[in-house]
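Beneath this line is the structure, given in structure tokens, with notes to follow.
The values are calculated or read from the model by the stated rules, or taken from the named source; none is laboratory data. For clarity, every value in this text was computed on a predicted model and none was experimentally measured. Cβ placement follows ideal geometry from the backbone for every residue including glycine, while neighbour counts extend to all protein chains displayed.
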Amino acid sequence: MKTFVVKVAGMDCAEEIAVLRREITTLSEVEDVSFDLLRGTMSVTFDEAHLSTDKILAAVSRTGLSAVPYDAKSEDVVAAGGGRSARAMLTAASGLLVVAGFLVHGAVVGWSAAIGGDENRTMPWLSRAFYVAATLAGAWFVLGKAWLAVKRLRPDMNLLMTVAVVGALLIDEFFEAATVAFLFALSLALEAWSVGRARRAIQSLMQLAPDTACVRGENGVETTVPVADVPLGMTLIVRPGEKIPLDGQVVKGETSVNQAPITGESMPVHKAPGSEVFAGTINHDGAIEIIATKLATDSTLAKIIKLVGDAQSKRSPSEQWVESFARYYTPAVMALAIAVMLLPPLLFDGEWTRWFYEGLVLLVIACPCALVISTPVSIVAALTAAAREGVLIKGGPYIEAPARLRAIAFDKTGTLTRGRPEVRKVISLSGHDERELLEIAAAIESRSQHPLAQAIMRAAQSAGITPRPADDFQSLTGKGATARIDGRDFWLGSHRLLEERGQETPEMHAMLEEFAAGGHSVIVVGEEDHVCGLIAVADALRDESPAALAALRAAGIARLVLLTGDNRPTGEAIGKTAGVDEVKAELLPEDKVAAIEELARQHGHVAMVGDGVNDAPAMARATLGIAMGAMGTDAALETADIALMTDDLSKLAWLVRHSRRTLAVIRQNIFASLAVKGAFVILTLAGHASLWAAIAADMGMSLLVIGNALRLLGSEIEFESEGRRPA
């Protein structure tokens, strides 16, 4: 199987995607077809032994659209050029020709006749020519799609418009035919503009990372090379004011970095040796050297661009409903229009011309354009707004899901906590002081990569302690280690090792149990004949965790649960401080899945928030998987439906409110679209509607739903100021 990606000119709404999908899937050799609305691309997976790419391009042409092969590396060069600019020019030409025809008509026979007030005055031939030309210009991009709808016996809004325009010409309503064609073309152009606005937001992401990087070779010479050619492990030089070209780790220098484009953080973040940096972020203060840890195609920025692009092919439940509704709605409307044209003259001796006209009005107002575009534009705007906040949502279904959540489960390490243990307390015994205790522990742990050992080394470094040499080092698997320091034998290890050595006292046992109940891991340091002291280490709770969980409760989340593989005392201590309702500890990955299933049975919609490989199965089982994006593992990020790129739990409550705002906007758009159409249907049946008023109302509705949807790109305050604070 081969995947062929093309860029489609003029692919700006769900209707065009539906037409393309129907046409491409008629090719029996095609296995799958997907669309990226923001990039304007279509991906076709097919059997290359029996189908050529030329046939796929020909199938696209049959829909009235055009396509060229897509090259992601040179997107600005390889484009399905001209489609959008040609549409804009023809729309403008149509509008100018309508004005020209109206001016000639009014100047020659009078203005009342020009606007339909005197039907006995003959329209000048020049006005007719202008109106016909305006009609052709406005309907140029619609005619091919309408013909395809006829051939496929699948009525759509393009066919509705074409029938209405042709019918108006047949009954000598040249002005109204031209006006309908122009206004419909204008509504399509505005729809393309709205999608283009979101498309430009994603393209601006692609421009964040610089094209070149300053690298230092093995000979120490600095050269400028394309970012795509920089291998892993290469040293990069980034000067003040420059953008960081690749994800990497700082090895020299200190600075502050603006990470807002990637993580949404409003303030610059301090970076020092050992700190991670992201491609596309901006170096503020000092020159730094970094080691490239990811290729250009694997950077965090590249993943964001890819995931946001992929998100457009995943339709939300609202989008699926609208598409299904329109599939039955359009044929039903055509049948109703035909009935309006035929039944009154046949059954009630009505005037044929009048009821034919009313049928055309019904076709125009029934066009589902505003309804069809209401949801995808809202979803695109919502996804873009979330990306600005550092919340990466992988598709339409996942922007709606947070609004329905009733329970959220959290992993502990790296999610509610920082994921990095720190020394919390040092207790010296038997005449030793705290500094001496840290010196002994650092000397023994200097060879270990265990997280607890690293915590001791960081504490020693902060105290200005340089580890002394340790001889005869021996690791005691699962218990601790021994070593000789300055000719004396020392040991270091767990509570279990202390018990095995028989050096524990009742007072010491009580102290160790108290630390364990408080969520601390205790490292015991001793010599052959006595215990030197205790070092309590714990993973610190994130500063924002308690407030973030409180905000979730305020947002209506009924149940907050901590799922951890850690021991129960530690889990209970963290859970109590964070403010969860329930703690489930000592869980294996399959136990976390079972816990999520139980929550789902109790509450229906449940989310799992985590960052590790062991969280991935539970995230996959949950209604919604949310990953801590900045420090999370690749497995968690791939499994998750949403990633918090700034690792900020306070974004969860924002996400729930944003999802509810998005659903509210979608419902407003759908209701308003159907209400206006219903009102005009009644006016049409009563004989009080006209073609130009119908298309003006339809275009106005399209503008209204687009404008309402684009409000999602604004701030939360905008919605709350209107008195519609989310429930």
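What the table below lists for this structure:
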{"item": "Failed item, numbered, when residue 138 is tested on (1) under 26 Å from residue 7 (Cβ atoms); (2) at pLDDT below 80", "result": "(2)"}
{"item": "Candidates 336, 371, 392, 383, filtered to the one that is at pLDDT 70 or above and more than 21 Å from the chain's Cα centre (by Cα)", "result": "336"}
{"item": "Subset of region 41-58 that is of a type in the set (Gly, Ala, Ser) and within 16 Å of residue 3 (Cα to Cα) - its residue that is farthest from the chain's Cα centre (by Cα)", "result": "49"}
{"item": "Region 659-686: number of residues that are assigned to a helix (DSSP H, G or I), among the small types (Gly, Ala, Ser) and over 15 Å from residue 381 (Cβ atoms)", "result": "5"}
{"item": "Filtered residues of region 521-558 (kept if closer than 28 Å to residue 609 by Cα and not aliphatic (A, V, I, L, M))", "result": "521, 539, 542, 543, 544, 545, 546, 553, 556"}
{"item": "Residue 481 vs. criteria closer than 24 Å to residue 512 by Cβ and under 47 Å from the mean Cα position of the chain (by Cα)", "result": "no"}
{"item": "Top-ranked residue in region 339-368 [being modelled with pLDDT under 75 and not in a helix (DSSP H, G or I); ranked as nearest to the chain's Cα centre (by Cα)]", "result": "368"}
{"item": "Subset tally (residues that are within 23 Å of residue 151 (Cα to Cα) and in a helix (DSSP H, G or I)) for region 29-61", "result": "8"}
{"item": "The listed residue being modelled with pLDDT of 85 or more and over 26 Å from residue 420 (Cβ atoms), out of 558, 551, 607, 595", "result": "558"}
{"item": "Criterion: out of contact with any Asp or Glu (no Cβ under 9 Å at 6 or more places or on another chain) and in the same structural domain as residue 566 (by TED's automatic domain parsing) - qualifying residue of 476, 534, 552", "result": "552"}
{"item": "Selection count, region 475-504, where residues are in contact with a Lys or Arg (Cβ under 8 Å, 6 or more places away or on another chain) and of a type in the set (Ser, Thr, Tyr)", "result": "1"}
{"item": "Residue identified as surrounded by fewer than 15 Cβ atoms within 10 Å (Cβ to Cβ), at pLDDT 65 or above and farther than 11 Å from residue 9 by Cα among 52, 34", "result": "52"}
{"item": "Any hit, region 630-645, residues being part of a helix (DSSP H, G or I), aliphatic (A, V, I, L, M) and modelled with pLDDT of 80 or more", "result": "no"}
{"item": "Top-ranked residue of region 578-604 - restricted to ones that are among the basic types (Lys, Arg) and in a helix (DSSP H, G or I), ranked as nearest to residue 625 (Cα to Cα)", "result": "592"}
{"item": "Residue within region 115-125 that is modelled with pLDDT of 75 or more, part of a helix (DSSP H, G or I) and more than 15 Å from residue 165 (Cβ to Cβ) present", "result": "yes"}
{"item": "Close pairs (7 angstrom Cβ cut-off, 6 or more residues apart or separate chains): within 30 Å of residue 380 (Cβ to Cβ) in region 400-425, basic (Lys, Arg) anywhere", "result": "403/660; 406/559; 407/559"}
